[in-house]
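Before any comments, here is the structure.
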Amino acid sequence: MNRPIIPRSPLRKNGKNNNGSFIRDITALCEQLQLPNSVKDAAIGLNSPFPLRISKSFLEQIERGNPNDPLLLQVLPQTLENSKVEGFSDDPVGDLSNSVTPGVIHKYRNRVLLTVTGACAIHCRYCFRRNFPYNSENPKRDNWDSAINYIHQHSEIEEVILSGGDPLMLELENLSELVQQIEQIHHIKRLRIHSRIPIVAPERVNEQMLTWFDKVSLPVVMVLHSNHPNELSTEVESVLNRLSQRGVRLLNQSVLLKGVNDSAETLAKLSNRLFDIGVQPYYLNLLDRAHGSAHFEVSAKHTQEIAAALQTLLPGYLMPKIVRDQGKSSGKVVLCLESL
Ligand code: SF4
């Protein structure tokens, strides 16, 4: 498989991009977070085309001087990622075997997913698409033509999912152009957006973007991605409120991650906080086994203990469905306690 080339922003010498919103340099990160040299040492020697990238807003939520901060661990490159572990692959959920035209993944009969960009505001080290070939699987390469034609020709498709990367990293003009074309297709009933932007770079959801949401004629479901209650700042809350006011339905999916959120108390806190800010807990995904992410995997036994404890802490409507993606054509399955 080709290695991905993630679109990058021009860098200044201090490791930030030209608008100062991202950190991409381990030394700058350690300085800003007052981390010991051992953190930097553990990252040096990592041989990965998936570089460090953290938004300023996410950085602000990380505790200074704490190398085990649960938000830091999600984005901190470590040489551990070099290990090749059996059962892990570059395409753990079968994206490529379900790609019908570049950047269009048709796995489930009535919905289709577009990988509209490879760009993200942060690089989550456990990402299941960390090795995805965004260059070749790019639906924008012909101005969306093949993707739109494919959707037109498949009247069984009712929902288009914009994914990536992060679709809200697209220039608004590009996003708008794509969505206008989707809106013209009569059999499309819903638009779904998978995005971590409102959580990790809420400032990007600005007035211009909110005004654009007002104009979208399809019902919009936004599946957010938050793994830990510390990610949900008051700024995040305010942006989510404004999206809700525009009729955007908000759901959240998380990934169960060792050292980050592998405790029932943390996950219960997350669900409660999501409810308080108007977001429905939706999925708790077990780790998709992408090369470089093995150190995040939680054992089956511990997963079972967490799930059992979580059920006692949460009312049913706040309990996320625990799911595993089986890859290839079988897709996601919802797990019950006995099958974990
Ligand atoms: S924001 Fe989503 S797509 Fe981007 S690196 Fe994180 S998990 Fe992957």
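Points to keep in mind about this one:
- From least to most packed, judged by other beta carbons within 10 angstrom and beginning with the fewest, Ile322, Ile188 follow the order Ile188, Ile322.
- Label-to-label distance, Gln208 versus Glu183, with points set 7 angstrom from Cα along the beta-carbon direction: 1.8 nm.
- Electrostatic tally near Asn68: other residues with Cβ closer than 14 Å to its Cβ, Lys and Arg +1, Asp and Glu -1, net -1.
- Label point 7 Å beyond Cα of Ala308 along Cβ direction - residues of region 251-275 with amide nitrogen under 17 Å: 263-265
- The chain: DSSP helices with Cα axial extent of at least 15 Å and average Kyte-Doolittle hydropathy no lower than 0.0: 300-313
- On the beta carbon distance between Glu173 and Asn135, with R0 = 22 Å, the FRET formula returns roughly 0.55.
- For Val323, the shell of other residues with beta-carbons less than 11 Å away shows a net charge of +1, using +1 for Lys and Arg and -1 for Asp and Glu.
- Lys, Arg +1 and Asp, Glu -1 on Cβ, resulting dipole of the chain about Cα centre, debye, nearest 20: 220
- Charge tally around Thr79: other residues with Cβ under 15 Å, Lys/Arg +1 each, Asp/Glu -1 each, net +1.
- Debye intensity ratio in log₁₀ form over the Cα atoms of the chain, taken at each q of 0.06, 0.07, 0.08 Å⁻¹: -0.20, -0.28, -0.36
- The antiparallel fraction among DSSP beta bridges confined to the chain stands at about 30%.
- Each Cα pair under 8 Å and six or more residues apart adds its separation to the average, and for region 22-82 the resulting relative contact order is 43 percent.
- Modelled label positions at Glu338 and Asn241, each set 7 Å beyond Cα in the direction of Cβ, lie 4.6 nm from each other.
- The mean sequence separation of alpha-carbon pairs under 8 Å and at least six residues apart, normalised by the residue count of the chain, gives a relative contact order of 17 percent.
- Kirkwood Rh and Cα Rg combined as Rg over Rh, evaluated for region 22-82: 0.92
Laboratory data are not the source of any read-out in this text; all were calculated from the coordinates shown. Owing to the predicted nature of the structure, the values given are computational and were not obtained by experimental measurement. Here Cβ is always computed from backbone atoms with ideal geometry, including for glycine, and neighbour counts include all displayed protein chains.
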